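Written below as structure tokens is the structure these notes are about.
None of the figures in this text is laboratory data; all of them are computed from the coordinates on show. Computed from a predicted structure; not experimentally measured. Glycine gets a Cβ as well: all are built from the backbone with ideal geometry, and neighbour counts include every protein chain shown.
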Amino acid sequence: MVQSVESSLNPAEMQVGGLIRRARAAQKAIESYDQGRVDVMVAAVSWAILEPRRNRLLADLAVQDSGIGNADDKFAKNFRKTLGLMRDLAHAKSVGVLRHDAEQGITEIARPVGVVAAITPSTNPGATPMNKILNALKCRNSIIVAPSPKGASTCQKLLEFVHAQLDRVGAPRDLVQMLPLPISKEATRALMAQADLIVATGSQANIRAAYSSGTPAFGVGAGNVAVIIDEYADTLNAAAQIQRSKTFDNATSCSSENGVVIVESVYSQALAALQSVGGVLLTDSDRLRLREFMFPAGRLSSAATAQSASTIAARAELETPGAREAKFLMVLETDAGPDHLFSGEKLSPVLAVWRVADFEAAISRVASIYRYQGAGHSVGLHTAASGEMMELRAQRLAQDLPVARVILNQAHAIATGGSFDNGLPFSLSMGCGTWGRNSFSDNMNYRHYMNITRIARRIPEVVPSVEELLAPYFDVYGK
């Protein structure tokens, strides 16, 4: 007797299968929505977290349950990231005809992808799920969230608010679901296998699992951002931007600066500026103490992750004057790689500092850092050079380093994921291209959540000659 497919499934697969069936039914129910109805639904769902009292509850719950980050900063992040995304989505076309090119005879039509599996981290248990939910709904998909266990209670409360908002506009609750508690690896794997698309943010283990699931996936790369302070920089402004970014939400963001590379001619000035905004440079003995605390057995400890600088200083028993009142801690580095653990991602308000001879040496140092960790993500440049020189240096970084983004004179963690004063899409998921073992190099946005069907019409035939196409070769080398 042939065993049925369902009876061969394990309990996690069967449980997830039920969620998937409900999600497919809900998705079919909204597939006929026009753009106006979709946009009202998306606006309603955004209010689930934009409403201040709900936002405050979610921000407090996130810190309470995960033990990481800062509630006030999470409140600001939940609001700003969602508001920015809604700005991006406000006039975006995601239903019907996206583009019509009469000359080429091509019409592009937006189509849903179906059921989205969203893998989300404990670092942003409210903002990241909401970002993925809104993008998915904008393209008429359903979505099932697999939160980190530490962020599951926040996600659960968020979905209560989301469901109440879906009720208000008459949309199915099953459009937005999450894996049942307790979150298990088995259920997450089953979800990734059964969904139509995976959008994964979090640990590299989760990203690798998404890519190897057999389901189309967008995953993000590891962060380890380095920023350069060049000889033209306004060092006080650079220090203020770095401090703002490095301390925001206790550096939970993958876009937070992990190292600063300072050109020799402004090194003393820049270091003094960093100290003036709350940075404390550790003594050699405290540097060793901090390394032992943060990297026992050579791996980053959760005891330091997304804690305040003062908490880290107390736990590591640091003795450098001012360390226990610091906004962020600084350690000197001379190289990069596994023998220089501070050259990697630290997910905490700890900043590695390199001193280099000039801009050329700065590029070489950043390249060495990214050979170790963080390739594909982004690099920052603080400079007050003339417009032409600034542009040349930005272009140089963009062409020579393995990065998807070059951030000029901005607080990196605020700017990289989109800001109201730059043109990047608002996102909490940064594609890092093939450098970071990713399939995309954009800020993940709504266009990653849709299929596009193209109508191709006959147009007048134009067949070029071989001579015409190969002229650049023939002109130099002959036939």
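Residue ranges 439-448, 464-473, 138-147 sort as 138-147, 439-448, 464-473 when ordered by packing (mean number of other C-beta atoms within 10 Å per residue, highest first). Among rounded, prolate and oblate, which fits the chain when a ≥ b ≥ c are the square roots of the eigenvalues of its C-alpha gyration tensor, a/c under 1.5 means rounded, and a/b larger than b/c means prolate? Oblate is the answer for the chain, as a/c is 1.5 or above yet b/c matches or exceeds a/b.
Could you calculate the contour length gain from residue 454 to residue 33, that is, 0.36 nm times the residue separation minus the distance between their Cα atoms, to one decimal place in nm?
Numbers: separation 421, 0.36 × 421 = 151.56 nm, distance 2.01 nm.
My answer for the length gained is 149.5 nm.
Using the Cβ-Cβ distance between residue 461 and residue 97 with R0 set to 41 Å, the FRET efficiency works out to roughly 0.95. Only lysines eight or more places from residue 81 in sequence, or on another chain, were considered; those with a Cα closer than 26 Å are 93, 132, 138, 150, 157, 246, 327, 346. For residue 403, the amide hydrogen comes within under 5 Å of the amide hydrogens of 376, counting only partners 5 or more places away or on other chains and with H modelled in the peptide plane. Taking a ≥ b ≥ c as the square roots of the eigenvalues of the Cα gyration tensor of region 1-152, is the shape rounded (a/c under 1.5), prolate (a/b larger than b/c) or oblate? In terms of gyration-tensor shape, oblate. Sequence-ordered 3J(HN,Hα) estimates for region 188-204 from the Karplus curve with 6.51, -1.76 and 1.60 and θ = phi - 60° stand at 5, 5, 5, 4, 4, 6, 9, 6, 8, 8, 10, 10, 10, 10, x, 5, 5 Hz, glycine and proline given as x.
Database remark: amide H of residue 340 closer than 5 angstrom to no amide H (H placed geometrically; neighbours at sequence offset of 5 or more, or on other chains; Pro and chain starts carry no H). Here the Karplus curve 6.51 cos²θ - 1.76 cosθ + 1.60, taken at θ = phi - 60°, turns the phi angles of region 330-343 into couplings of 10, 10, 7, 10, 10, 7, 9, x, x, 8, 10, 4, 6, 7 Hz, with x standing for Gly and Pro. In this structure, the amide hydrogen of residue 198, modeled 1.01 Å from its nitrogen in the peptide plane, lies closer than 5 angstrom to those of 117, 217, 218, counting only residues at least 5 positions away or on a different chain. The simple Förster model, with R0 at 22 Å and r as the Cβ-Cβ distance, assigns residue 156 and residue 9 a FRET efficiency of 0.30.
Spin-label model, residue 419 to residue 25: label points 7 Å out along the Cα-to-beta-carbon direction sit 4.7 nm apart. Applied to region 386-399, the Karplus parametrisation 6.51 cos²θ - 1.76 cosθ + 1.60 on θ = phi - 60° returns per-residue 3J(HN,Hα) values of 4, x, 5, 5, 4, 5, 4, 6, 5, 4, 4, 4, 5, 8 Hz, with x for Gly and Pro. Less than 16 Å from a label point 7 Å out along the Cα-to-Cβ axis of residue 284: which backbone N atoms in region 317-341 qualify, by residue? Those under the cut-off are 320, 331-335.
Think of it as helices only: each DSSP H run of n ≥ 4 in the chain is worth -39500 (n - 2.57), and spread over all residues that comes to -13000 deg cm²/dmol at 222 nm.
Label separation (residue 212 vs residue 395): 4.3 nm, computed from points 7 Å beyond Cα along the C-beta direction.
Averaging sequence separations of C-alpha pairs under 8 Å and six or more residues apart, then dividing by the length of the chain, give the relative contact order as a whole percent.
With pairs under 8 Å counted, the relative contact order is 17 percent.
Dividing the alpha-carbon radius of gyration of region 169-226 by the rule-of-thumb value 2.2 N^0.38 Å gives 1.33.
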